[in-house]
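*Asks:* This is the structure I want to talk about, given as C-alpha cells.
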Amino acid sequence: MKSETSQAFDHPDARSRATSMATPLDRISLRDHIVDVEIGAFQAERGTTQRISFNVVVEVLPTQLNVEDDVDKILSYDKVTEAISIALGEERLNLLETLADRVAERILWEPQAVRAFVRIEKLDRGPGALGVEIVRAKANDGSVSNKETKISPLVVFFSNEAIASAHLQGWIDQLATNTAPTLICVGAPDTSPPQALSPLAQRRIDLLSIEQNAWILAARDKRCVVVETRTELDWAMKNNQISVWAPSKLVLDTVDGPSTECKDALDLALWFATDMGAERFVAFDQADVMLQTAFPVAFRKSTEPKI
C-alpha cells in the first residue's frame with residue numbers, strides 16, 4: 001500500500017482508488033491537459049499567459065447494460081474539457097483553488113458524476129510544478145449547489161452633469177423604490193488624468209479615474225455604495241442595494257473584456273450592462289446619443305426628474 005505522501009503526488013486516479021466507496025464506481029480521467037491562460041494574483045502574472053496542467057478523475061455511476069455504444073448515454077470526456085474551457089472563459093481568476101472548484105462544480109452538474117478529483121498545476125512559475133488538488137462530491141440526495149436564480153438589474157449611467165444636477169437626489173429616491181436592483185455607472189471626472197507611456201498603465205489610470213468619480217457620487221448619498229467585485233455585485237443585487245460600479249477589477253479580470261477605451265465611459269457602461277444581464281439601461285444627460293443594444297434603453301436630460 002502506498003503512503004499518503006506518495007499518493008499525494010500520484011495522478012488523482014490513485015487518490016480516487018485509495019478513497020473508493022463501498023459501492024464500486026466507474027472512473028473517467030483526463031491526464032496532462034495543458035492550456036495557456038492568464039491567471040494569478042501577482043502583478044508579474046498579469047498581461048501574460050502561462051501553462052496550466054489539468055489532471056481530472058471523475059467517479060461516475062456504473063454504465064448500464066442498455067448504453068448500446070451511444071455516447072449520449074455516458075459522461076463524455078468532452079464534458080470534462082468543456083468544464084475547463086467554460087471555467088477559464090468566465091473571468092480572469094487569481095487563484096487555482098477558485099478555478100478547480102468551478103471545474104469540479106460544473107462536472108458534478110452531470111447526472112452520472114458522483115465525485116470529482118481535480119488537480120491544477122502551474123508549470124512556468126518555478127523549477128517544478130505548483131498546484132492544488134481538490135475533491136468534490138454530490139450531496140447524499142444527488143444534488144449539487146449550482147445555478148441560482150438569475151437577477152436582471154437596472155443599470156443607470158450618470159454623466160458628470162447629472163451627478164452635479166439638483167435632480168440627483170430625486171432620481172436616487174426613485175431608484176430606491178425600484179423593484180429591480182440598481183447598478184450605477186459613471187465616467188471619469190472632467191479633469192484630465194495623468195498620462196503614462198505604457199498603454200497598460202494608462203488603462204489602469206483611466207479606470208482609477210472613473211473610480212474616483214464613483215466615490216464622489218457615493219459621497220452625495222449614503223444609500224449608494226461603491227462595489228468592485230462580482231461577489232459584491234451579486235450580494236448587492238440580492239439585497240436590493242444601490243451600487244456604484246468601480247470598474248478596475250471586473251474590467252481587468254474579464255477574459256473577453258470591453259474593446260472600448262476606458263475613457264469612453266458610456267460604451268463601458270453599456271458593456272457592463274450587457275455583462276450583468278441588465279433588463280434596462282438608462283443614461284442621464286445623454287439624449288443626443290443613439291445606441292443599439294440588446295435591451296431597452298432610455299435617456300433622460302438632467303431637467304427631467306422622472307426615471
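*Asks:* Just for segment 275-294: of the residues that are modelled with pLDDT under 50 and either surrounded by fewer than 17 Cβ atoms within 10 Å (Cβ to Cβ) or not assigned by TED's automatic domain parsing to the domain that holds LYS249 (or both), which one is farthest from PRO181 (Cα to Cα)?
*Replies:* Let us first name the residues in segment 275-294 that are modelled with pLDDT under 50, namely 286-294.
Remaining after also requiring either surrounded by fewer than 17 Cβ atoms within 10 Å (Cβ to Cβ) or not assigned by TED's automatic domain parsing to the domain that holds LYS249 (or both): 287-294.
Values: ALA287: 23, ASP288: 27, VAL289: 25, MET290: 25, LEU291: 23, GLN292: 23, THR293: 20, ALA294: 19 Å.
Step by step, filter segment 275-294, then rank; the result is ASP288.
*Asks:* Restricted to segment 227-241, and to residues that are touching a helix residue (DSSP H, G or I) at 6+ places or on another chain (Cβ under 9 Å) and under 14 Å from PHE272 (Cβ atoms), which residue is surrounded by the most Cβ atoms within 10 Å (Cβ to Cβ)?
*Replies:* VAL227
*Asks:* While we're looking at this one, here's another question. Restricting to segment 239-256, count the residues that are within 17 Å of GLN212 (Cβ to Cβ) and either of a type in the set (D, E, K, R) or in a helix (DSSP H, G or I) (or both).
*Replies:* Going through segment 239-256 one residue at a time, the tally reaches 5.
*Asks:* Evaluate the following for ALA129: is it farther than 22 Å from ASP267 by Cα, surrounded by fewer than 17 Cβ atoms within 10 Å (Cβ to Cβ) and not assigned by TED's automatic domain parsing to the domain that holds GLU211? Steps first, please.
*Replies:* Numbers: farther than 22 Å from ASP267 by Cα: yes; surrounded by fewer than 17 Cβ atoms within 10 Å (Cβ to Cβ): yes; not assigned by TED's automatic domain parsing to the domain that holds GLU211: yes.
Taking the combined requirement at face value, the residue satisfies it.
*Asks:* Just the residues that are at pLDDT 85 or above and among the hydroxyl-bearing types (Ser, Thr, Tyr), please, taken from segment 21-75.
*Replies:* Of everything in segment 21-75, those that are at pLDDT 85 or above and among the hydroxyl-bearing types (Ser, Thr, Tyr) turn out to be SER29, THR48, THR49, SER53.
*Asks:* Could you look through segment 166-200, keep only residues that are touching a residue at least 12 places away in the same chain (Cβ under 8 Å) and of a type in the set (Gly, Ala, Ser), and pick out the one that is farthest from TRP271 (Cα to Cα)?
*Replies:* Within segment 166-200, the first condition is being touching a residue at least 12 places away in the same chain (Cβ under 8 Å), and the residues that meet it are 167-172, 174-176, 178, 180-190, 193, 200.
Those left that are additionally of a type in the set (Gly, Ala, Ser): 170, 176, 180, 187-188.
Working: GLY170: 26, ALA176: 24, ALA180: 19, GLY187: 13, ALA188: 16 Å.
Looking at residues that are touching a residue at least 12 places away in the same chain (Cβ under 8 Å) and of a type in the set (Gly, Ala, Ser), I get GLY170.
The values are calculated or read from the model by the stated rules, or taken from the named source; none is laboratory data. The structure presented is a predicted model; accordingly, all values stated were derived computationally and were not measured. FYI the Cβ positions are ideal-geometry reconstructions off the backbone, even for glycines, and counts take in every protein chain you see.
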